[in-house]
Structure formats: C-alpha cells, structure tokens
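Colleague: Please read through the structure below; I'll follow up with questions.
We did not get these values from a lab; they are worked out from the coordinates using the rules stated. Remember, it's a predicted structure, so these values are computed and weren't measured experimentally. Using ideal geometry, Cβ is built from the backbone for each residue, glycine included, and neighbour counts are taken over all protein chains shown.
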Amino acid sequence: MAVHAYERFRNEVKPALKSKVEELSLLGYGTIQEQQLWDFLINKKWKRVKEDIKLFEIVEEVMSLKAGEFMNYASVEALKLSEFSFDNEEDLKELLK
C-alpha cells in the first residue's frame with residue numbers, strides 16, 4: 001500500500017489526534033485508538049489529496065471532526081470484517097428472532 005501524502009504531518013498532528021480521541025471518549029464513544037482515527041482520516045476524509053495543504057488545515061480538520069462521521073466509518077468497517085452472511089441459515093434465523 002502506498003504511503004499517503006499527509007503521513008509527513010503525522011507527528012505534528014499527534015497532539016490534535018490525542019485530543020480528539022479524548023473528546024470522543026468523554027462523549028461516551030468508548031475506547032478509540034489514535035491509529036483508528038488516523039486511518040479514518042487517511043482512508044475517508046482525505047481520499048483526495050490537496051497538494052499544497054498546510055499543517056493548520058490538517059489540525060483544523062482533525063479538531064472539527066464530528067463523532068458521527070467517525071462512527072459511521074467504524075460501523076461500515078466493522079461490517080466489512082464481519083463473518084455474518086445471509087447464506088448462513090443459522091445467522092438468518094438469529095436475525096429474524
């Protein structure tokens with residue numbers, strides 16, 4: 001996998017990531033790791049790379065992140081990893097209870 005262009009900001013943005021993780025935890029969203037948040041930003045929010053982006057813009061995007069944005073992404077990722085299948089008759093019966 002190629003290295004994302006914004007990886008160069010990772011160390012400088014670390015305090016903002018930590019702050020956002022703590023905020024989400026205080027809001028009751030459980031234990032979220034900085035890496036999970038960074039993966040969301042890289043894979044979803046920053047899909048399109050802005051070539052001349054500045055550090056303050058990266059920090060602003062981290063700090064303005066809404067909990068719902070991250071949780072939607074995390075839910076979809078969890079479903080992708082799930083072993084649930086409608087092909088499995090037992091799973092289907094369990095769902096229909």
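Colleague: Order 37-47, 17-27 from most to least packed using the mean count of other Cβ atoms within 10 Å.
Modeller: 37-47, 17-27
Colleague: Can you pick out the pairs among 20/47; 18/93; 18/47; 20/50 whose Cα atoms lie more than 32 Å from each other?
Modeller: 18/93
Colleague: Given the options 16, 67, 78, which has the most mean-square fluctuation in a GNM of the chain, springs set between C-alpha atoms less than 10 angstrom apart?
Modeller: Of 16, 67, 78, the Gaussian network model singles out 78 as fluctuating most.
Colleague: Then there's this: Tell me which lysines have Cα within less than 18 Å of residue 80's Cα, excluding those fewer than 8 residues away on the same chain?
Modeller: Of all the lysines, those that pass the test against residue 80 - Cα under 18 Å, at least 8 places apart if same chain - are 44.
Colleague: For the range 1-75, just the Cα atoms, rotate onto the principal axes and tell me the three extents in Å, largest first.
Modeller: Extents along the principal axes, in whole Å: 35, 23, 18.
Colleague: Considering only the other residues whose Cβ falls under 15 Å of the Cβ of residue 22, what net charge follows from Lys and Arg at +1 and Asp and Glu at -1?
Modeller: +1
Colleague: Out of the range 37-70, which GluC sites (Glu not before Pro) are coil in DSSP terms and have no more than 16 other C-beta atoms within 10 Å?
Modeller: Loop-located and lightly packed - 51.
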